[in-house]
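Input: a single structure, listed below in structure tokens.
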Amino acid sequence: MNAADGRPLGRVLVTGAAGFVGRWLLPALHTSGAELFALATDPVTEVVLPGVPSLPPGVTWLLGDLRDDDYVRQVVATARPDTVIHLAAISHVPTAMADPALAWDINVTATARLLHHLARHGEQTTHAPLVLIVGSAEQYGRDDSHVMPLAETAVQAPRTVYAATKAAQEVLALQAWRSGALPIVVARSFNHSGAGQPPRFLLPALVRRAKALTTAPAGTPMPVGNRSPVRDFLHVSDVVAAYISLCQRGTPGEAYNVASGTGWSVQQILDKVIARTGTRAVPTEDPALVRPVDVPVLIGDSRKLQHATGWRARRSLDDIIEDLLLHAATF
């Protein structure tokens, strides 16, 4: 598909809309002219979070649990979506590891349930919505054949429960496409951050610890995990732009890396955070923060995404850190 072409978004159903990425996605979709239907498990407050875009007007919130079949059927009937962006998931690796059954239930079985009802809606209306399935770079895992940056053709060898659920989610979604049930586009998103991300994730956690120790005496220990892994980071605003571009211009049946193409070790990120905060604390490895299973390097090649949509990353790692520091009240 030529990048100059684009599908109208129309009525957009966003699952997991109250989460970190969802709070950035809804305003961007509103600006793009979409009519918004947002799924969340609990009532969403209008609390303004510093550095996070305000929720747009006119959002129809549909509260419930994607594990409830009746709820999912009613959501699809109410929203009658032209486009679906499926964000809902357990996205925190340790949380998925702590309760694998729950992770599989939410990340995979709930996705199967959603796709089933969307496909039935398409059969009844002869208008199947385009579905963007949001996967993860963690799906690639670690394999001897890997060459960085990873292209979409790289072997997937997931090493964590979370990664396995995301790989399985993609398999079932693309099966729905191959069967002719739904037009499916897949995003494999590499690490992303920004204002509003919970502190259980790497970058806000590092910023929070460094900021808390800015007045501590020199040499005060700053607990950190493994500093050798290399990751590819995008600002959440760039990720949201990629998702919208894929809904408009992505080719059904295809997977696209959402990545910057640049890798940063945790140590390099830590150095940037320490330099920016001015803390004199000394990073000290805390065994409790070291993951038992980790992938040494994950860097993505996003040329396929760029060619298909014209998308380009606009924000840097320094921008992410600056946002987290300036808007620390969000966590």
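The values are calculated or read from the model by the stated rules, or taken from the named source; none is laboratory data. Bear in mind that the values here come from a model prediction, so they are computed numbers and not experimental data. Glycine also receives a Cβ, built like all others from the backbone with ideal geometry; neighbour counts cover every protein chain displayed.
When each of R67, R11 is tested for being of a type in the set (K, R), surrounded by fewer than 22 Cβ atoms within 10 Å (Cβ to Cβ), at pLDDT 95 or above and in contact with a Pro (Cβ under 6 Å, 6 or more places away or on another chain), the lone residue that passes is R11. Without any contact (Cβ under 8 Å) to a residue 24 or more places away in the chain and of a type in the set (A, V, I, L, M), is that true of A216? Considered against the rule, which asks whether it is without any contact (Cβ under 8 Å) to a residue 24 or more places away in the chain and of a type in the set (A, V, I, L, M), A216 comes out as no. Whenever a residue of region 277-293 is at positive phi and small (G, A, S), its partners that are modelled with pLDDT of 85 or more and loosely packed, with under 13 Cβ neighbours inside 10 Å, lying with C-beta atoms within less than 9 angstrom and at least six residues away or across chains, give the pairs G278/T214.
List the helices (runs of 4 or more DSSP H) that sit entirely inside region 222-329 and contain at least 1 residues that are of a type in the set (A, V, I, L, M) and under 27 Å from T95 (Cα atoms). Let's see the steps before the verdict.
Values: elements: 236-249, 266-277, 303-309, 317-326.
Passing ranges, in order: 236-249, 266-277, 317-326.
Could you say which residue among G219, G253, G278 is in contact with a helix residue (DSSP H, G or I) (Cβ under 6 Å, 6 or more places away or on another chain) and more than 18 Å from P149 (Cα to Cα)? Full working, then the answer.
Values: G219 fails: in contact with a helix residue (DSSP H, G or I) (Cβ under 6 Å, 6 or more places away or on another chain); G278 fails: in contact with a helix residue (DSSP H, G or I) (Cβ under 6 Å, 6 or more places away or on another chain).
Of the residues listed, the single one that is in contact with a helix residue (DSSP H, G or I) (Cβ under 6 Å, 6 or more places away or on another chain) and more than 18 Å from P149 (Cα to Cα) is G253.
Considering only region 95-212, give the helices (runs of 4 or more DSSP H) lying wholly within it that have at least 1 residues that are within 24 Å of V14 (Cα to Cα) and out of contact with any Phe, Trp or Tyr (no Cβ under 9 Å at 6 or more places or on another chain).
Details: elements: 100-104, 110-125, 161-178, 202-212.
Of the helices (runs of 4 or more DSSP H) lying wholly inside region 95-212, those with at least 1 residues that are within 24 Å of V14 (Cα to Cα) and out of contact with any Phe, Trp or Tyr (no Cβ under 9 Å at 6 or more places or on another chain) span 100-104, 110-125, 161-178.
Listed conditions (1) closer than 29 Å to A17 by Cα; (2) modelled with pLDDT of 95 or more are all met by L289, apart from (2). Of the candidates R209, R188, the single residue that is farther than 18 Å from D294 by Cβ, modelled with pLDDT under 95, of a type outside the set (A, V, I, L, M) and buried (at least 19 other Cβ atoms within 10 Å of the Cβ) is R209. Within region 70-83, the residues that satisfy the criterion of being crowded, with 19+ Cβ neighbours inside 10 Å and part of a loop (DSSP other than H, G, I, E, B) are P81, D82.
So, of the residues in region 92-108 that are among the β-branched types (V, I, T) and crowded, with 17+ Cβ neighbours inside 10 Å, which turns out to be modelled with the lowest pLDDT? Among them, the one singled out is V93.
Identify, from the list G33, G58, the residue that is in a loop (DSSP other than H, G, I, E, B), on the phi > 0 side of the Ramachandran plot, free of Cβ contacts under 8 Å to residues at least 60 places away in the same chain and touching a strand residue (DSSP E or B) at 6+ places or on another chain (Cβ under 7 Å).
Numbers: G33 fails: touching a strand residue (DSSP E or B) at 6+ places or on another chain (Cβ under 7 Å).
The unique qualifying residue is G58.
Selection of region 132-181 for residues being within 16 Å of the chain's Cα centre (by Cα) and farther than 21 Å from D105 by Cβ yields L132, A137, Y140.
For region 160-184, give me each residue that is crowded, with 23+ Cβ neighbours inside 10 Å, small (G, A, S) and over 16 Å from A103 (Cα atoms). Correct list: A173 only.
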